[in-house]
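Step one of this worksheet: look at the structure below.
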Amino acid sequence: MDATVILPILKKKLAFLSGGKDRRSGLILTIPLCLEQTNMDELSVTLDYLLSIPSDKCKARGFTVIVDGRKSQWNVVKTVVLMLQNVVPAEVSLVCVVKPDEFWDKKVTHFCFWKEKDRLGFEVILVSANKLTRYIEPCQLTEDFGGSLTYDHMDWLNKRVAFEKFTKDSTSLLDELALINSGSDKGNQQEKERSIDLNFLLSVDPETVLQTGHELLSELQQRRFNGSDGGVSWSPMDDELLAQPQVMKLLDSLREQYTRYQEVCRQRSKRSQLEEIQQKVVNWLEGPGSDQLRTQWGIGDSIRASQALQQKHEEIESQHSEWFAVYVELNQQIAALLNAGDEEDLVELKALQQQLSDVCYRQASQLEFRQNLLQAALDFHGVAQDLSQQLDGLLGMLCVDVAPADGASIQQTLKLLEEKLKSVDLGLQGLREKGQNLLDQISNQASWAYGKDVSTENKENVDHIQGVMEDMQLRKQRCEDMVDVRRLKMLQMVQLFKCEEDASQAVEWLSELLDALLKTHIRLGDDSQETKILLEKHRKFVDVAQSTYDYGRQLLQATVVLCQSLRCTSRSSGDTLPKLNRVWKQFTITSEERVTRLEMALAFHSNTEKVLQECPDQPESINDTEQFDEIEAVGKSLLDRLTVPVVYPDGSEQYFGSPSDMASTAEHVREKIKLVCLKKQQLRQPETCPTES
């Protein structure tokens, strides 16, 4: 399994081999559990991969597994330990479960690992982090467990990926080089050439692979000499030591095969006689090659036209490339002859070399200029086509009437409209830059004309470029004007939806106030002073409700004005207003009932307190039996009122508070009536107190 296949899982560091070893020289495998739920499938994949790295000899010494459960739950730790039985049962010799400071004592009692040793196949111990050194030397523990061993997971993972990639690339390259080299060693000359041609293009660059291998080897080797930050010498991990001989062996094989491959390529570069090839090259470049370039001056009026011209130019380049390749090989052969030639041949050879160079460089410069010009034209037409499509999309969006479902969708549409307009601005700016670059190149085209008058062709190209840019500018201006109108309309619609939402919110608030009035505003006070306070609080509460109602009415009026401006029908015109009026009517009726009860309670408490606080030596109080009767009548009326529900215009009924709340209030009123009766009996012994209702 390659690391790149499971790279996202390996990056999670669900488990790792730090390079540390236990006292038996067995590798230490660490499983750091975290607060989040560990994916057991991913952990299993990680363990399978890590356990495939060490050699069989290293595996035979067994593993010590550290399960860090300090940040995890007991059931997760238990699952991981049991999973080790299925993943690596024969290779685990000891499992150290690092427990947190506040341990799972009650849960551990239900499952003791030492009792499961025979079934598990390995020993499990529960240990605190500071006592882990009893089983493993501190220098073999990472810093997470108070040790001094340095481990960088991402550095190890990067090195592992680099090693696997190098192994894969080098193995593939060796197969290709071996096939090419073996084909050149057997058969006749014609079979050699055919075999080499078939395999000449390699899938990867040998120099790049060799450089990568040397860098990887250097990185692996230097780790055994480098020290950690503390200056302590640090040895590489086993998998890095195992990787070094593999890399060196692959590098040796690559160098050998690549040297043979280079020799094969050099043999392939041999050609026929110098004079014959030189004559063919010069004749073609100065004849048909130059004629082909003189006939190509247009840039096309669209992407398709420019691509057709570019394809034609590529055909011309392809023909020139064949002769340029001959020139390069021929120039090398001439240079070799100059080094080993006679003095009488030097002048002729240098003149021949100079002639070839002049002709080839001139043709190559013309080809490069033409290619750059066509690429600039293709870029210009590509940007123009993209801009045209953007303008068409923007215009299509503007031509469709806006019918969003809510304010958020309008905001999204408006944002999209602004983004499209900004994209059009950037596109037009890019078109101008591409157009100016193309115009600059066209102005330099005359220098390659070789006496041919290209002013007519250039004028047509310049007029076409300027015409495209002017047309795009006009289309953009028209779209901007339409966007301004659409923006204003959409902002009005956003305001309309906001008013409708706020009006609905006002209805909801008023309903909540009504609900609070019925469920929480139920106390009548234990005395006149408390009743006065409750009455004042209720008036403030009613003021808040009144403000909410007025606010909702204003919002609904604003929606009517906006709908008239937008020539549309408000969704709240026939729905929200009746709801608002209905809730307000219910609140008003409930509030009036609340005020009535509070005022009756205030009159009852005030008169009761007055009677109970009067002194017995006041004769007018003794003879005033009507006052006692009035207090009793008010108290009974209040008791009756507490049992009556609030009746709304639609016939529905609502009670204040729960029955227990009302019973408590009524009981308090009855207690007051009893006190008044006792007072009356004290003042008028012959009279008796009426029966409680």
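Observations on the structure shown:
- Computed on the Cα atoms alone, the convex hull of the range 514-566 gives a volume of 54 cubic angstrom per residue.
- Between Leu566 and Asp101, full extension at 0.36 nm per residue minus the direct alpha carbon distance yields a gain of 160.6 nm.
- Potential lengthening of the chain between Ser664 and Lys165 amounts to 171.4 nm, from the contour at 0.36 nm per residue minus the alpha-carbon distance.
- Cα pair distances of the range 471-542 binned at 5 Å [whole percent]: 3, 12, 11, 11, 9, 8, 7, 6, 6, 5, 5, 4, 4, 3, 2, 2, 1, 0
- Whole-percent pair-distance distribution, where bins are 5 Å wide, for the alpha carbons of the range 623-682: 4, 16, 22, 17, 14, 11, 8, 5, 2, 1, 0
- Residues Lys674, Lys532 ordered from highest to lowest accessible area at a 1.4 Å probe: Lys532, Lys674.
- The accessible area of Cys34, taken with all protein chains in place and a 1.4 Å probe, comes to roughly 60 Å².
- Cα-based convex hull, the range 406-561, per residue volume (Å³, whole number): 133 Å³
The values are calculated or read from the model by the stated rules, or taken from the named source; none is laboratory data. Only a predicted model underlies this, so the values are computations on that prediction, with no experimental measurement involved. Only protein heavy atoms, including side chains, enter the accessible area calculation; ligands, DNA and RNA are left aside. Shrake-Rupley method; radii C 1.70, N 1.55, O 1.52, S 1.80 Å.
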